[in-house]
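Working notes, beginning with the structure itself.
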Amino acid sequence: METSTPLLTLHVGKVQPYTRAGTTSAIAKHAVDGRRRITALGLVDDEQADLRVHGGVDKALHHYPLDHYAAWRQELSHPLLDAAGAFGENLSTLGWTEDTIHFGDIVQAGSAVLQVSQGRQPCWKLNDRFDQPQMARRLQSTGRTGWYYRVLDAGAIAAGDQLTVIERPHPRWPLSLLMDMLFQRTLDLDLLRAASELPLPPSWKKLIDHRLERNEVESWKKRLEGPEAS
């Protein structure tokens, strides 16, 4: 297990008009130098457009492994993949992936303390960003989604700081298993029941309860295809 890895780059972005009429996004993030403060809602000077589904205390920071970029470059030819930041991430590293990081991991990040809160549920804005109508679905199916942190202790961070797992309360739950439950083994009732015992965010609890009660999978069409999807 790689318990420590250096932060390669740190990224922030501002809300801007996006690709479809009436939409906005801050997915276009750029690397920044120097030390940046981290509050309960994430990096100072970073923004999120649609606070119903992005940002908030359980999605304060987004981490995307640079490890995945080689595979994406083999599958796609796109200039965004020339450097970190293509997926709207705040934190970029090598050595940590969804297979090695676990739900609930507590991470020392500079002088801040973070906790892995959930995996990313990709949305249509990735389709438009890459000009690939199935990009969000591809992220889902590959499991190369990245993850979110909540902030346990505010602090500051800069590129070059170490990220270190200092506590692992759920060693049987790598993020890859949770993402497999979410997107692949969608009606594995034993897995759903086991996951329901975890201290997951309310939106994930609701999703699991829905599947257990109704034995059916919710529709992802609008999230994956955008506001025009029915």
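Sparse packing (at most 10 other Cβ atoms within 10 Å of the Cβ) combined with a DSSP loop state is found for the following GluC sites (Glu not before Pro) in segment 125-230: Glu197, Glu216, Glu228. Counting other Cβ atoms within 10 Å as a rough exposure proxy, the listed residues Trp204, Trp220 run Trp220, Trp204 from fewest neighbours to most. Here the residues Trp147, Trp124, ranked from fewest to most Cβ neighbours within 10 Å of their Cβ, fall in the order Trp124, Trp147.
Counting lysine pairs in the chain whose alpha carbons fall under 22 angstrom apart, excluding pairs fewer than 8 residues apart on the same chain, gives 16. In loop segments of segment 1-92 as defined by DSSP, the GluC sites (Glu not before Pro) with at most 15 further C-beta atoms inside 10 Å of their C-beta are Glu2. Sorted from longest to shortest, the spans of the Cα atoms of segment 1-133 along the three principal axes equal 41, 34, 28 Å. Between Asp33 and Glu75, the FRET efficiency from the beta-carbon distance, with R0 = 22 Å, is close to 0.10. On a per residue basis, the convex hull of the C-alpha atoms belonging to segment 158-221 measures out at 134 Å³. Dipole of segment 4-170 computed with +1 at Lys/Arg Cβ and -1 at Asp/Glu Cβ about the Cα centre; of Leu61, Thr19, Val116, farthest Cα towards the positive end is Thr19. Figure legend: label point modelled 7 angstrom from the Cα of Asp82 along Cα→Cβ; residues of segment 26-43 with amide N under 19 Å from it are 28-32. Residue exposure proxy: Tyr64, Tyr149, ordered by other Cβ atoms within 10 angstrom of their Cβ from fewest to most, comes out as Tyr64, Tyr149. Out of all Cα-Cα pairs in the chain, roughly what percent, to the nearest whole number, are more than 30 Å apart? Summing the P(r) tail past 30 Å for the chain gives 21 percent.
Only the coordinates and a few stated rules stand behind these numbers; no lab work does. The structure displayed is predicted, hence computed values, not measured ones. Methodologically, a virtual Cβ is constructed for each residue, glycine included, from the backbone with ideal geometry; neighbour enumeration extends over all protein chains shown.
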